[in-house]
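Presented below is the structure to which this report refers.
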Amino acid sequence: MTQTYRKKLIEVAIPLEAINAASAREKSIRHGHPSTLHLWWARRPLAACRAVLFAQLVDDPSSHPERFPTEEAVETERQRLFRIIEDLVKWENSTNDEVLQHARIEIQKNFPDGVPPAYDPFSGGGSIPLEALRLGLRSHGSDLNPVAVMIGKAMIELPSQFKDQKPVHPGKPERLHYRGAEGLAEDILWYAKELSNRARKKIGRLYPSVGLPKKDGGGEATVLAWLWARTVASPNPAVRGAHVPLISNYWLCNKPKKSVWVKPVVNGTDISFEVHSGKPDDEDAVAAGTKAGRGANFRCLLTGEAVTADYVKAEGMAGRMGWRLLAIVVEGKGGRRYVAPTKEHETLAFSEKPDWRPEYPLSQHPQYMSVTNYGPTNISDLFMDRQTIALNTFMGLIPDVVRDIPDSAQGKRYSRIWCCA
Ligand SMILES: C[S@@+](CC[C@H](N)C(=O)[O-])C[C@H]1O[C@@H](n2cnc3c(N)ncnc32)[C@H](O)[C@@H]1O
């Protein structure tokens, strides 16, 4: 018996305007979107994936003339399906169980013998497997890139394994009832804090706080980031090899209501950096940094001489590039603050050497790693000493923290996952 081909909704029509609007809105979501946890290039909008999966799984009403015999009946039913999609794609409905369940039931009606599984062999940031799971499908994903596989595991596979479970950490539970991945999330935060406390004891000396100026509220503030510039020796022999910074612009923050920038101060062949806020007198100079044209073309801050891209590459390949600290970003009361660099903070980053480095060669393929044109040949060259020490410390402490997870069934499953990772 031949089965008549039934057109799916996606082959006929979908509510594009609503899908496009929801997809565009997703770009500005700052909380709860997977892209805020880990960036992945060419990540597909979740709204579009959800809509496309749904529209691929439900039949277009024209496929059922016995139920929708007239064009009018077909159109009315199509509009009903459109309204489900319009509801489904709204960001705030991503975890709305009522809306999702409505869509799941609609899909199930089209597969009385069970919904098919979904498989994305190029899953990248995991948008398609994630949305397939939300729509009630058994979901699979794979990718050539191990980072993408890790994102998929963390975002899709593990949360579904610990669905509706209570946390196991020995602290005070934050809720009475746990839904979805709430228990797992609480454990992750609890053990991450434990890890961070132990790491602070070991290497906190390399991460001192910073004294805030009175105008920024005074007191000590935690450092969020150190902003560095690479340097090369000036090509002008008159300054006898003094290093000059390569800076694409001096802006630290350039928003309508807040602008902060770095001002270089030259004293002979010495260069230091101040941090200023408010509107600069010469915005073009702030926006230009020490750049001179496209690519890696700069100008010498001491003499104005051209620092060409070829010169920068040659200095990099010879292992002669240096570092200068431009500014320190700290967590102030009511938001980020920017503080001028200090000698202590500049030297601390290089004050200790790691006892292990990731000595693995970088790909020489120019399409993937343009950094190799500037000297680095090894993964270890991409990290400063302090960064390597911090990463080594975290890696060394994870097994200790895992050992302290309670010996319950769920605790054992956490430990097994760590062992497999
Ligand atoms: C466009 S991205 C996928 C984006 C994903 N849909 C999302 O929303 O995040 C394409 C993915 O294909 C992967 N890829 C490329 N060639 C591959 C291959 N031969 N086998 C498996 N994955 C591959 C890449 O690593 C990349 O993650």
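The values are calculated or read from the model by the stated rules, or taken from the named source; none is laboratory data. Computed from a prediction, not measured in an experiment: that's the story for all the values here. Here the Cβ positions follow ideal geometry from the backbone for every residue, glycine too, while neighbour counts run over all protein chains shown. Heads up: the accessible areas ignore ligands, DNA and RNA and are worked out on the full protein's heavy atoms, side chains in. Shrake-Rupley method; radii C 1.70, N 1.55, O 1.52, S 1.80 Å.
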I'd like the orientation of helix 46-57 relative to the chain: the angle between its Cα long axis and the longest Cα principal axis, in ° from 0 to 90, rounded to 10.
20 degrees
For region 119-239, what relative contact order do you get, as a whole percent, if you take Cα pairs closer than 8 Å and at least 6 residues apart?
14 percent
Relative contact order of region 35-141 (C-alpha contacts under 8 Å, at least 6 apart) in percent is 33 percent
As a test of the formula, what do you get for the chain when each DSSP H run with n ≥ 4 contributes -39,500 (n - 2.57) and the sum is divided by the residue count, at 222 nm and rounded to the nearest 500 deg cm²/dmol?
-11000 deg cm²/dmol
Reachable lysines from K90, criterion Cα separation under 18 angstrom, eight or more residues apart if same chain
K27
If I ignore ligands, DNA and RNA and count only protein heavy atoms, how much of Y311 is accessible to a 1.4 Å probe, in Å² to the nearest 10?
60 Å²
Given a 1.4 Å probe and the protein chains all in place, what does the accessible area of I14 round to, in Å² to the nearest 10?
50 Å²
What residue among D59, D385, D284 shows peak mean-square fluctuation when the chain is described by a Gaussian network model with Cα springs under 10 Å?
D284
Largest fluctuation, T303, T70, T347 only, Gaussian network model of the chain with Cα springs under 10 angstrom, belongs to T70
Enumerate the calculated ³J(HN,Hα) couplings along region 251-267 in order (Karplus 6.51 cos²θ - 1.76 cosθ + 1.60, θ = phi - 60°), each rounded to whole Hz, writing x wherever the residue is Gly or Pro.
5, 9, 8, 9, 10, x, 9, 8, 10, 9, 8, 9, 10, x, 10, 9, 9
For W228, which sequence-distant residues (separation of 5 or more, or a different chain) have an amide H within less than 5 Å of its own amide H, given hydrogens modelled in the peptide plane?
L326
Quick check: at a probe of 1.4 Å, how many percent of the accessible area of region 221-349 sits on carbon and sulfur atoms?
50 percent
Output wanted: per-residue J couplings in Hz (rounded whole) for region 168-181, from phi through Karplus 6.51 cos²θ - 1.76 cosθ + 1.60, θ = phi - 60°, x for Gly and Pro.
10, 4, x, x, 6, x, 8, 9, 8, 10, 10, 10, x, 9
Sequence of K215, K166 from largest to smallest accessible area, 1.4 Å probe:
K215, K166
When the C-alpha atoms of region 353-410 are aligned to their principal axes, what extent does each axis show, in angstrom, from largest down?
51, 27, 13
If I stretch the segment between S35 and I203 completely, what's the gain in nm (0.36 nm per residue apart, minus their alpha carbon distance), one decimal?
57.5 nm
In order over region 133-144: 3J(HN,Hα) from phi, Karplus 6.51/-1.76/1.60, θ = phi - 60°, whole Hz, x for each Gly or Pro, gives 5, 4, 8, x, 8, 6, 10, 10, x, 8, 7, 5
Nearby aspartates and glutamates by direct alpha-carbon distance to K193 (threshold 17 angstrom, same-chain neighbours under 8 apart not counted):
E174, E182, D400, D404
In Å², and per residue, what accessible area does the chain have when probed at 1.4 Å with the other protein chains present?
60 Å²
Going Cα to Cα from K263, which lysines come in below 27 Å? Please leave out same-chain ones fewer than 8 positions away.
K214, K215, K255, K279, K291, K313, K333, K343
FRET efficiency, Q364 to R403 (Cβ-Cβ, R0 56 Å, nearest 0.05)
0.85
Probe 1.4 Å, all protein chains present, accessible-area order of L391, L227, largest first:
L391, L227
For I417 and K313, calculate 0.36 nm times their separation in residues minus their Cα-Cα distance, and state this gained length in nm to one decimal.
33.1 nm
Can you classify region 302-406 as rounded, prolate or oblate using the Cα gyration tensor, where a ≥ b ≥ c are the square roots of its eigenvalues, rounded means a/c under 1.5, and otherwise it's prolate if a/b beats b/c and oblate if not?
oblate
Over the chain, calculate the relative contact order: mean separation of alpha carbon pairs under 8 Å at least 6 apart, over the residue count, as a percent.
10 percent
Rounded to the nearest 10 Å², what accessible area does C420 show when all protein chains are kept and the probe is 1.4 Å?
120 Å²
Does anyone have the angle between helix 16-26 and the longest principal axis of the chain? Alpha-carbon axes, 0 to 90°, nearest 10?
40 degrees
